[in-house]
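Bear in mind these aren't lab numbers, they're just calculated from the coordinates by the rules spelled out. Keep in mind that what you see is a predicted model, and the values were worked out from it rather than measured. Cβ sites come from the backbone with ideal geometry, for glycine too, and all protein chains shown count toward neighbours.
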Amino acid sequence: MTEIRTIREEEGEDFLHVMCDAFGLDFNRAYDVFFTEPMYDLNRKWALFEGREMVSILTTSPLEFGWGRAFGIAGVATKADRMSEGHASRLLQKVIKESELRGEPGALLFARDLRFYERNGFEPLDRVVRGPLTTSMEDDLPDCFDFDTVEAKYNAWSEAHPDRLRRDEKRWSYWKWHYRICTPFQSGYVCFEPNVLREHIFETPVDAMPLPPGTEWFGTTFMADQFEIPITNPEVDLYLMGHNIPGLPQMFMTDQF
């Protein structure tokens, strides 16, 4: 008998085993992160069962844009010996229907292989690219903004267009959990992580970013074009795909689900 539902507390480790086996992760190293990260929610972890066997899994996360609510999909995986039997498609379609009933009619995900998701009603919306930045930093990074300042600046940017992702309290907790370093730039900021820039808000395009040499930019082509990010030879890393999404999502990869 096939059953599709969110998992129960005692099924969390089984879920993690399926995920680690599918993505080549070390179970012991992933354990603490899996159960303690701020977005962890049993009601967002879905599984397809054949009898008592957990066969296929995925995780959803709540999203909100100016036009309304949606959800992100991540970690779609099926046990190696049960692949090519249609389980992931059945799970995905069930989750889409149930999420619509929950008031989340739109779905987003990041994918490397378009074909599976196109067969399940998703369409490519944007490309996620990675590439070296032209940089100009000569001194140390300036002092960091406090969190309240960053939150206010992001919220002002987000609320200026309906296609931009809003961050609720839980999503901000997830953002802080990763320890983002944000430094002033023009009237906004750059959110710098070692060797990569994923988030930034500023007004005037520049020929070089005030960041250390060797820094890469990682984000969607739309965001790169909107801010005229000075990257060279960008390579496609992922595709942003959507189901029932009314606009072109504007979001940073700090919010990747």
- Query: Counting other C-beta atoms within 10 Å, which of E53, E11 has the fewest, and how do the rest follow?
  - Reply: E53, E11
- In debye to the nearest 20, the charge dipole size for region 1-128, taken about the Cα centre with +1 at each Lys and Arg Cβ and -1 at each Asp and Glu Cβ, equals 400
- Loop-located GluC sites (Glu not before Pro) in region 70-161 whose Cβ has at most 16 other Cβ within 10 Å (DSSP): E85, E138, E159
- Message: I need the calculated FRET efficiency for the pair F35 and H178, taking r as the beta carbon distance and R₀ as 25 Å, to the nearest 0.05.
- Response: 0.90
- Considering only DSSP states other than H, G, I, E and B, which trypsin sites (Lys or Arg not before Pro) in region 1-34 qualify as loop sites with at most 12 other Cβ atoms within 10 Å? R8
- Message: Ignoring solvent entirely, what values of log10 I(q)/I(0) come out of the Debye formula for the chain at 0.12, 0.13, 0.14 Å⁻¹ when each Cα is a single scatterer?
- Response: -0.77, -0.90, -1.03
- Filter the GluC sites (Glu not before Pro) in region 171-221 to those in DSSP coil with at most 13 other Cβ atoms within 10 Å of their Cβ, and list the result. E203
- Hits among lysines - C-alpha to C-alpha of K170 under 20 Å, sequence gap 8 or more where chains match: K45, K153
- Cα centroid distance between region 1-79 and region 156-172, in Å? 25
- Message: Using only DSSP helix segments of four residues or longer, with each worth -39500 (n - 2.57), what per-residue ellipticity at 222 nm results for the chain after dividing by its residue count and rounding to 500?
- Response: -8000 deg cm²/dmol
- Cα-based equivalent ellipsoid, region 2-104: semi-axes from gyration tensor eigenvalues, Å: 22, 18, 12
- Query: Just going by the charge dipole of the chain, with Lys and Arg at +1 and Asp and Glu at -1 on Cβ, which of S158, G72, P234 is farthest out on the positive end?
  - Reply: G72
- Query: By how many nm would the segment from E159 to E123 lengthen if fully extended, with 0.36 nm per residue of separation less the alpha-carbon distance?
  - Reply: 10.4 nm
- Task: May I ask you to derive the FRET efficiency for N195 and R5 from their Cβ-Cβ distance with R0 = 51 Å, giving the value to the nearest 0.05?
- Result: 0.80
- Message: Could you work out how much longer the chain between F116 and E228 gets when fully extended? Use 0.36 nm per residue separation minus the Cα distance between them, nm to one decimal.
- Response: 37.1 nm
